[in-house]
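Asker: Got a structure for you, written out below as structure tokens; questions coming shortly.
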Amino acid sequence: MEKIDKGIQAIAIIKDSKLFTHLNACVHCGLCAESCLYYRAYKEAKYIPARKVDMVASVYRRYHTFLGKRFPWLTNARKLNEECIDELIDMLYGSCTMCGRCNAHCSIGVDIEYVVRAGRMMLAYMGYVPGSLQSTVDAALNTGNNMAIPTDEFVDTLEWLEEDLQMEVEDDEANIPLDKKNCNILYTLNPREPKFFPLSISAMAKVFYAAGESYTISSQMYDVTNYGYFSSHEEEATVIGQKLHDEMLSLNAGTCVLAECGHGSRAFRWETPNYLEKQFPFKVLTSVELIAQYIRLGKIKTDPSLITERVTLHDPCNLARSGGVINEQRYILENTVSDFVEMMPNGADNFCCGGGGGQMAMGEYNDRRIRIGSIKAEQIKNTGASIVVTPCHNCVDQLMQINATYKLNVQIKTLAEIIADALVFDVKHEEVINKETN
Amino acid sequence: MATIEIEDKVLEVDGEGFLTDPHIWDEEIARLIAKYDGIEEMNDEHWAVVNIIRRNWEEKGMAPMVRVICRETGLRLKQIYQLFPLGPARGACRVAGLPKPDGCV
């Protein structure tokens, strides 16, 4: 009983009236159905986003409204019993990538994704977060990064990458500075980069080198992700957000630059100030915006003729649709490759890769994730591109799987990786630095 | 419980195709999972990668950093991605019979 009370309380303590408003606003027009990957792939009514809102609303009514408490049968108010909980877990964790495309298509502007998060929060406070998702959150809480990478192994990897950078740019002074105080930038990483896919770190280090940037990476708190955002256990999400906030202060960096990670960018830049109930005393930028600035200001030079293969772009939902970072990645690609084509739809209306909302971490729903990925596979095929670029490591991983499953035969790259291939060093490094200081 | 069937042998796996019980792993199973992923023949380089991953897991309870795989096998990063097109995690760690690593992989 106590467990259920925790869940019921969790959605009652939300500080404003937003949840109550959005739970009562749906007019059941059905426009959201076709916006959702799950409904498009399965054509079953249970996947319609409005149904998910209804589920959360019916539980809310049962415990937090007068009519629902007294006359549940009259108001379709559902009791939070085992059957109901199983259904909620399956629909809210197992059948939603939190891509927010339904929000954009809602005729009256219901924040459906927010309602899903509230429902997840209720389940999280009852202890029903799917096991594999919770273990990713626990790793971040206990070790400071979501893959539990020991610090010495992290430092060893970064030193190895530094040697690689020196060879690549033929400069023994080129470095990847760790734990340096008072830099312009504290750069973050997705732990999958140092663990398994470090080419994107090398690429970004090369961009920083070319721009002559003063930056550092923290060996203690470099993780850009916040899986507490996906599990929606707000206290845990807050602890994770606080860690990066505190590291910014202790290293006294000017701007926190978020690695290519959709949910991480959203969770830190746009959600953590809410979690902490304070404005950040420092600036936050995504690396996509930073690189676009570098090109615009002439701090780095790229030569589009170096990349002639056809390239298309996948917009991460949290960055593009929710964050409004849409033009920057296009500006970068126009300056980096010679044959860029859009997939349709794109930008704010883009389809999710299928791996959002923590789906990459939840093996429980693997089959669904691969099936809804067929929609993205179709989009990619239609472009005729041989390289797909996306500024999100989570999307990269889903796209890699789609690539293998649907035999797309494309290369998947992060933005930094493609830029690193098009970088030209016609201006000497020292000259850039001199220009900076003059 | 999910299963995958390769060459008439049935393996119990989690939703992502990682072995449910890493302790039943042997070289025959590695060969079968690799085949399932389209790796027809495991060559010496495949085995070198898989053995390092397996050893690290047995000693430290986790998959090694890709840096360690490179150092111990003498292979370059790009070779590792070519050997296991699904990457070190979903590709190599799975063939090595490890549970799925946490995070965005």
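Asker: Longer than 32 Å from Cα to Cα, which of A:LYS301/B:LYS60; A:LYS181/A:LYS376; A:LYS195/B:LYS35; A:LYS18/A:LYS407; A:LYS278/A:LYS413; A:LYS195/A:LYS376 are they? Say none if no pair is.
Answerer: The answer is A:LYS301/B:LYS60; A:LYS181/A:LYS376; A:LYS18/A:LYS407; A:LYS278/A:LYS413.
Asker: Kindly give the semi-axes, whole Å and largest first, of the ellipsoid equivalent to the protein assembly as shown, taking each as the square root of 5 times a Cα gyration tensor eigenvalue.
Answerer: Gyration-tensor ellipsoid for the protein assembly as shown: 37, 29, 23 Å.
Asker: How far is it, in nm, from the label point at A:TRP73 to the one at B:MET1 when both lie 7 Å from their Cα along the line to the Cβ?
Answerer: 4.3 nm
Asker: Can you list residues whose amide H is under 5 Å from A:LYS301's amide H, if they're 5+ apart or on another chain and H is modeled 1.01 Å from N?
Answerer: Under 5 Å from the amide H of A:LYS301: A:VAL424.
Asker: Another question, if that's okay. Using +1 at the Cβ of each Lys and Arg and -1 at the Cβ of each Asp and Glu in the protein assembly as shown, identify which of A:ASN252, A:LEU19, A:ALA210 lies farthest towards the dipole's positive end.
Answerer: Ranked along the dipole, the leading option is A:LEU19.
Asker: Have a look at B:LEU77, B:GLY17, B:GLY38 and report the one farthest towards the positive end of the charge dipole of chain B, computed about the Cα centre with Cβ charges (Lys/Arg +1, Asp/Glu -1).
Answerer: Sorting the options by dipole projection puts first B:LEU77.
Asker: Grab the DSSP H runs of chain A that are 4 residues or longer, score each as -39,500 (n - 2.57), total them, divide by all residues and round the 222 nm result to the nearest 500 deg cm²/dmol.
Answerer: -14500 deg cm²/dmol
Asker: In debye, nearest 20: dipole of the protein assembly as shown around its Cα centre with unit charges on the Cβ of K, R (+) and D, E (-)?
Answerer: 2460 debye
Asker: May I pose another question? Once amide H atoms are placed 1.01 Å from N in the peptide plane, what residues at a sequence separation of 5 or more from A:LEU178, or on another chain, have their amide H within under 5 Å of its amide H?
Answerer: For A:LEU178, the qualifying residues are A:ILE217.
Asker: I've got another one for you. Quick one: compute the contact order of the stretch A:135-222, relative version, from alpha carbon pairs under 8 angstrom and 6+ residues apart, as a percent.
Answerer: Rounded, it is 35 percent for the stretch A:135-222.
Asker: Please work out the FRET efficiency for the pair A:THR405 and A:SER305, using the Cβ-Cβ distance as r and a Förster radius of 41 Å; give the result to the nearest 0.05.
Answerer: The calculated FRET efficiency here is 0.75.
Asker: Another question, then. Rounded to whole Hz and in sequence order, give me ³J(HN,Hα) for the stretch A:355-368 from the Karplus expression 6.51 cos²θ - 1.76 cosθ + 1.60, θ = phi - 60°, writing x for Gly and Pro.
Answerer: So the J values, rounded to whole Hz, are x, x, x, x, 4, 4, 8, 9, x, 4, 10, 4, 4, 5.
Asker: Going by the alpha-carbon gyration tensor, a ≥ b ≥ c the square roots of its eigenvalues, is the stretch A:301-424 rounded (a/c under 1.5) or, if a/c is not under 1.5, prolate (a/b greater than b/c) versus oblate?
Answerer: prolate
Asker: Shifting gears a bit: Please quote Rg/Rh for chain B to two decimal places, taking the Kirkwood radius as Rh and restricting both calculations to Cα atoms.
Answerer: Reported Rg/Rh (Cα atoms, Kirkwood Rh): 0.93.
Asker: Continuing with the same structure: Amide H to amide H under 5 Å from B:ALA2: which residues, 5+ apart in sequence or cross-chain, H placed 1.01 Å off N in plane?
Answerer: Those lying under 5 Å, H to H, from B:ALA2 are B:VAL13.
Asker: Another question, if that's okay. If you bin the C-alpha pair distances of the stretch A:1-127 every 10 Å from 0, what whole percents do you get?
Answerer: Spelled out per bin, shortest first, that is 13, 46, 34, 6.
Asker: Only Cα pairs under 8 Å and at least 6 apart count here; give the relative contact order of chain A as a rounded whole percent.
Answerer: 15 percent
Asker: Counting each DSSP H run of 4 or more residues in chain B as -39500 (n - 2.57), what helix-only mean residue ellipticity at 222 nm follows after dividing by all residues, to the nearest 500 deg cm²/dmol?
Answerer: -12000 deg cm²/dmol
Every read-out reported here was derived from the displayed coordinates using simple, explicitly stated rules and does not represent laboratory data. Remember, it's a predicted structure, so these values are computed and weren't measured experimentally. Note: ideal-geometry Cβ built from the backbone for every residue, glycine included; neighbour counts use all protein chains shown.
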